[in-house]
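Report on the following structure.
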Amino acid sequence: MKYVSTRATSPAVSLSDAIAAGLAPDGGLYVPQHVPRVEADQLARCSGAIDTAAELLRPYFSGDALERELPAICAEAFDLPLPVKALSTPEDYVIELFHGPTAAFKDFGARFLAAALARVRAQTNELLTVLVATSGDTGAAVAAAFHRRRGFRVVVLFPEGKVSPRQAHQLGCFGDNVTALRVRGTFDDCQALVKRALADRALQERASLTSANSISLGRFLPQVAYYAIAVMRFQKLSTPPLNLVIPTGNLGNALAAVYAREMGMPIGRIVLASNANDVLPRYFEGADYEPRPSVATIANAMDVGAPSNFERLRHLLGDDEVVRQALAAASVTDDDIRETIRSRFARSGEVFDPHTATAVAVLQRLRNAGAGGSWAIVATAHPAKFENIVEPIVGEVRVPPALAELLARRSESTVIENDYAVLRDILTESAE
Ligand SMILES: *Cc1c(COP(=O)(O)O)cnc(C)c1O
């Protein structure tokens, strides 16, 4: 399998090269040259999540130097609980993706990327710096995945005061080869600093840099695999197909579900749940695709005004009409999110984080409008991670053990101004 750029002007490359590169040289995103088919029967014979992931991802690794390492990479990335459970409402289910070390679904992608990249770079002695800008969840997942890995260090930039207290604690609690920088600015400022560093040739001569953002192929592929695992688990509870509602920001998670369906998994409708950042809902209702600046919401990991993976979706499906038939999207306000958290807790004791609650709100709307069949919401974070939003509504939320372990550690981050020269000096100093 070769990988091509969505902008089609860069040459096709191997999987290892696409994973190592991040973005394609023409500025596009790497995608597989074709979408392989996998039969559900074939997956049904696998024993457990790790096996299922390796079987699903096998065609994507075919012919690559990493092909023989795939089972070991999956063993590192998928050694996490991934339960599919019934909700309190009939025929409604939840796919819980938040049982990793940092309590959000991004652990799967970050762990797979780290395991793959460590093997791609096994022969080099050079230190690679993984630079990430984060609105909260990505940075912690990447830090956890690369923590104490030889040959890597992680520099995370996050906006001071704009992540939850527990997210901030998490980001600073790793130490060792992880540096957490608290930037006096917004998430967009953090992202601009990272982009500038990645484009700085003089800096790259002194420190080898890469990024680990959500467009990385090494984060995308494992997400396709967890949908296959979830669907196989769902089949033990009810009859396929399973329809999905997915909390969406940069569109990486939902795009993976589209890929899983294209590969032949018994997935029915896929509906995106957006917060007040409604570029995708507007598009799916027929408006042009018009990226715009993001607005801040209480589901902050989805505060995205220009979803990067939209380019991959269009490349996969073709013209707007086909794209609009394949998916639907709906937007949820902060008030809807709070009301959903409140009413579900009052009615059934179920507790959702603000991101997952966008999907619950959208599913309730769909059911009220008469949608039939089995539906699963995708739970992207544990509610304890967003205690500042959830606890005022439902009271104390029990902290899962993995998160508790991180919160018990000391946490340290360095505050910096929104000033590129400061970041550059930090990157060069510690590389020497
Ligand atoms: C990143 C994130 C999202 C958005 O996922 P995308 O792949 O960017 O669409 C949703 N919920 C949580 C908790 C996240 O951390």
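Quick one: which of Arg424, Arg365, Arg398 is surrounded by 13 or more Cβ atoms within 10 Å (Cβ to Cβ), free of Cβ contacts under 8 Å to residues at least 60 places away in the same chain and among the basic types (Lys, Arg)? Don't jump to the end; show me each part of the working.
Values: Arg424 fails: free of Cβ contacts under 8 Å to residues at least 60 places away in the same chain; Arg398 fails: surrounded by 13 or more Cβ atoms within 10 Å (Cβ to Cβ).
When all the criteria are applied, what remains is Arg365.
Report, by residue number, each residue of region 254-281 that is open to solvent by 10 Å² or more (accessible area, probe 1.4 Å) and within 24 Å of Asp51 (Cβ to Cβ).
Those that are open to solvent by 10 Å² or more (accessible area, probe 1.4 Å) and within 24 Å of Asp51 (Cβ to Cβ): Arg261, Glu262, Gly264, Pro266, Ile267.
Given region 318-432, what strands (runs of 3 or more DSSP E) lie entirely inside it while holding 2 or more residues that are more than 26 Å from Leu80 (Cα to Cα)?
Values: elements: 328-331, 374-379, 414-417.
Counting at least 2 such residues, we get 328-331, 414-417.
So is Arg153 out of contact with any strand residue (DSSP E or B) (no Cβ under 9 Å at 6 or more places or on another chain) and more than 13 Å from Ser413 (Cα to Cα) or not?
On the way: out of contact with any strand residue (DSSP E or B) (no Cβ under 9 Å at 6 or more places or on another chain): no; more than 13 Å from Ser413 (Cα to Cα): yes.
Here the answer is no, as Arg153 does not meet what is asked.
With the requirement that a residue be within 17 Å of Val224 (Cβ to Cβ) and surrounded by fewer than 19 Cβ atoms within 10 Å (Cβ to Cβ), what does region 39-65 give you?
Filtering region 39-65 for residues within 17 Å of Val224 (Cβ to Cβ) gives 39-40, 42-43, 46, 49-62, 64.
The answer is Glu39, Ala40, Gln42, Cys46, Asp51, Arg58, Pro59, Ser62.
Could you check region 127-150 and list, in sequence order, the residues that are more than 16 Å from the ligand (Cβ to nearest atom) and open to solvent by less than 30 Å² (accessible area, probe 1.4 Å)?
Start the filter on region 127-150 by keeping residues that are more than 16 Å from the ligand (Cβ to nearest atom), which leaves 127-131, 146-150.
Selection gives Leu128, Thr129, Val130, Leu131, Phe146.
Quickly run through region 377-393 and pick out the residues that are open to solvent by less than 10 Å² (accessible area, probe 1.4 Å) and over 19 Å from Phe108 (Cα atoms).
Across region 377-393, the qualifying residues are Phe386, Val390.
What are the pairs with Cβ atoms under 6 angstrom where one residue, in region 105-126, is of a type in the set (A, V, I, L, M) and the other, located anywhere, is open to solvent by 20 Å² or more (accessible area, probe 1.4 Å)? Sequence gap at least six, or different chains.
Ala115/Glu76; Ala118/Arg149; Val120/Ala20
Given the structure, is Ser343 touching a residue at least 60 places away in the same chain (Cβ under 8 Å) and either more than 16 Å from Ile270 (Cα to Cα) or buried (at least 17 other Cβ atoms within 10 Å of the Cβ) (or both)? Break it down into steps so the answer makes sense when it comes.
Details: touching a residue at least 60 places away in the same chain (Cβ under 8 Å): no; either more than 16 Å from Ile270 (Cα to Cα) or buried (at least 17 other Cβ atoms within 10 Å of the Cβ) (or both): yes.
Considered against the rule, which asks whether it is touching a residue at least 60 places away in the same chain (Cβ under 8 Å) and either more than 16 Å from Ile270 (Cα to Cα) or buried (at least 17 other Cβ atoms within 10 Å of the Cβ) (or both), Ser343 comes out as no.
Of these, Val245, Val279, Val258, which one is without any contact (Cβ under 8 Å) to a residue 40 or more places away in the chain, closer than 20 Å to Ala328 by Cβ and within 16 Å of the ligand (Cβ to nearest atom)? Let's see the steps before the verdict.
Details: Val245 fails: without any contact (Cβ under 8 Å) to a residue 40 or more places away in the chain; Val258 fails: without any contact (Cβ under 8 Å) to a residue 40 or more places away in the chain.
It is Val279.
Looking at region 348-367, can you tell me whether even one residue there is hydrophobic (A, V, I, L, M, F, W, C), in contact with a strand residue (DSSP E or B) (Cβ under 8 Å, 6 or more places away or on another chain), more than 15 Å from the ligand (Cβ to nearest atom) and modelled with pLDDT of 95 or more? Can you show your working first?
From region 348-367, those hydrophobic (A, V, I, L, M, F, W, C) are 351-352, 357, 359-363, 366; that's our starting set.
Those still in the list that are in contact with a strand residue (DSSP E or B) (Cβ under 8 Å, 6 or more places away or on another chain) too: 352, 359-363, 366.
Narrowing the set further to residues that are more than 15 Å from the ligand (Cβ to nearest atom) leaves 363, 366.
Then drop every residue that is not modelled with pLDDT of 95 or more, which leaves 363, 366.
Yes - at least one qualifying residue is present in region 348-367.
Could you look through region 76-113, keep only residues that are farther than 25 Å from Ala404 by Cβ and either crowded, with 21+ Cβ neighbours inside 10 Å or of a type outside the set (D, E, K, R) (or both), and pick out the one that is nearest to the chain's Cα centre (by Cα)? I'd like the intermediate steps shown before the answer.
Filtering region 76-113 for residues farther than 25 Å from Ala404 by Cβ gives 86-93, 113.
Still in the list and also either crowded, with 21+ Cβ neighbours inside 10 Å or of a type outside the set (D, E, K, R) (or both): 86-90, 93, 113.
On the way: Ala86: 23, Leu87: 23, Ser88: 26, Thr89: 27, Pro90: 28, Tyr93: 20, Leu113: 12 Å.
Only one residue fits best here, namely Leu113.
When you go through Leu251, Leu221 one by one, which is the residue that is open to solvent by less than 30 Å² (accessible area, probe 1.4 Å) and within 13 Å of the ligand (Cβ to nearest atom)?
Values: Leu221 fails: within 13 Å of the ligand (Cβ to nearest atom).
Step by step, each of Leu251, Leu221 is checked, and only Leu251 is open to solvent by less than 30 Å² (accessible area, probe 1.4 Å) and within 13 Å of the ligand (Cβ to nearest atom).
Looking only at region 18-38, which residues are within 21 Å of the chain's Cα centre (by Cα), open to solvent by 40 Å² or more (accessible area, probe 1.4 Å) and without any contact (Cβ under 8 Å) to a residue 60 or more places away in the chain?
Across region 18-38, the qualifying residue is only Ala21.
Can you find, within region 282-311, the residue that is nearest to the ligand (Cβ to nearest atom) among those that are small (Gly, Ala, Ser) and in contact (Cβ under 8 Å) with a residue 24 or more places away in the chain?
So, considering only residues that are small (Gly, Ala, Ser) and in contact (Cβ under 8 Å) with a residue 24 or more places away in the chain, the one nearest to the ligand (Cβ to nearest atom) is Ala301.
One residue is enough: does region 312-335 have a residue meeting the conditions more than 16 Å from the ligand (Cβ to nearest atom) and within 26 Å of Glu387 (Cβ to Cβ)?
yes
Is there a residue being within 20 Å of the chain's Cα centre (by Cα), among the β-branched types (Val, Ile, Thr), buried (at least 20 other Cβ atoms within 10 Å of the Cβ) and within 16 Å of the ligand (Cβ to nearest atom) anywhere in region 228-238? Steps first, please.
So in region 228-238, the residues within 20 Å of the chain's Cα centre (by Cα) come out as 228-231.
From what is left, the residues that are among the β-branched types (Val, Ile, Thr) are 229, 231.
Applying the additional criterion that residues be buried (at least 20 other Cβ atoms within 10 Å of the Cβ) yields 229, 231.
From what is left, the residues that are within 16 Å of the ligand (Cβ to nearest atom) are none.
Scanning region 228-238 turns up no residue that is within 20 Å of the chain's Cα centre (by Cα), among the β-branched types (Val, Ile, Thr), buried (at least 20 other Cβ atoms within 10 Å of the Cβ) and within 16 Å of the ligand (Cβ to nearest atom).
Arg201: over 16 Å from Ala104 (Cα atoms) and touching a residue at least 24 places away in the same chain (Cβ under 8 Å), yes or no? Before the answer, list the steps.
On the way: over 16 Å from Ala104 (Cα atoms): yes; touching a residue at least 24 places away in the same chain (Cβ under 8 Å): no.
Answer is no for this residue.
Name every residue in region 303-315 that is outside any loop (DSSP other than H, G, I, E, B) and touching a strand residue (DSSP E or B) at 6+ places or on another chain (Cβ under 8 Å), in order of residue number. Before you say what the answer is, go through the steps one by one.
In the first step, residues of region 303-315 are kept if they are outside any loop (DSSP other than H, G, I, E, B); the result is 310-315.
Once the filter is applied, which keeps residues that are outside any loop (DSSP other than H, G, I, E, B) and touching a strand residue (DSSP E or B) at 6+ places or on another chain (Cβ under 8 Å), region 303-315 yields Glu311, Arg312, His315.
Across region 405-432, what is the number of residues that are more than 26 Å from Phe152 (Cβ to Cβ) and modelled with pLDDT under 95?
0
The values are calculated or read from the model by the stated rules, or taken from the named source; none is laboratory data. These figures come from a predicted structure and were not determined experimentally. For neighbour counting, all protein chains shown are included, and Cβ atoms are generated from backbone atoms with ideal geometry for every residue, glycine included. With ligands, DNA and RNA removed, areas are computed over all heavy atoms of the protein, side chains included. Shrake-Rupley method; radii C 1.70, N 1.55, O 1.52, S 1.80 Å.
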